[in-house]
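The values are calculated or read from the model by the stated rules, or taken from the named source; none is laboratory data. As the structure is a computational prediction, the values presented were derived from the model and not from experiment. Here the Cβ is made from the backbone with ideal geometry for all residues, glycine too, and neighbour counts use every protein chain on show. The accessibility values were calculated without ligands, DNA or RNA, using every heavy atom of the protein model including side chains. Shrake-Rupley method; radii C 1.70, N 1.55, O 1.52, S 1.80 Å.
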Amino acid sequence: MSYLQSNPTAGASGCIFCDMPADPRDAETLIVRRGAHAYVILNRYPYNNGHFMVVPYPHVDSPERLEAATLTELMTLLNQGLTALRAMYNPQAFNIGMNVGAAAGAGIAEHVHLHAVPRWAGDTNFMTVAAGTRVIPEDLRITWERMRAAWPGGSL
Ligand SMILES: [Zn+2]
């Protein structure tokens, strides 16, 4: 809920993943890259620096309902994001995944999205702290600027 409440454009369609790309202010929504069928956006409450999501434009609740061209672009954007993060942070590993359905832990279950989280050995030791808060050393706007600059193939 805090994600929804903090977003500058939440509310127009009732779905944040539909509203975000309709807003041209990428620096506000933290959209890093726009493709033909999907877009890349930073998670406003990341598990680690560089935690991003790849979101298809169609409002569907399962990847089974996405067309082949969209599925292909989801993975292409994912790969480009991984390449950018390797250049930015030199992560040792990634968690990549999709929670399909609220019972699987999806925060916004009605609109599928893919998560990618860079990982370093031992990062959970300092990332998991008391009272449910997380340590986020880098400002999200800086992460956004760095990721756009590091995107393979150049900036927009
Ligand atoms: Zn949607």
>> What is the sum of charges, Lys and Arg at +1 and Asp and Glu at -1, for the other residues whose Cβ falls under 14 Å from the Cβ of I96?
In response: +2
> How much area per residue is accessible in segment 32-150 when the probe is 1.4 Å and only protein heavy atoms are counted (Å²)?
Replying inline: 50
> With all protein chains present, how much of the accessible area of segment 32-150 (probe radius 1.4 Å) comes from carbon and sulfur, to the nearest whole percent?
Replying inline: 53
> Using the Kirkwood formula over every pair of different C-alpha atoms, what hydrodynamic radius in Å results for segment 32-150?
Replying inline: 14.9
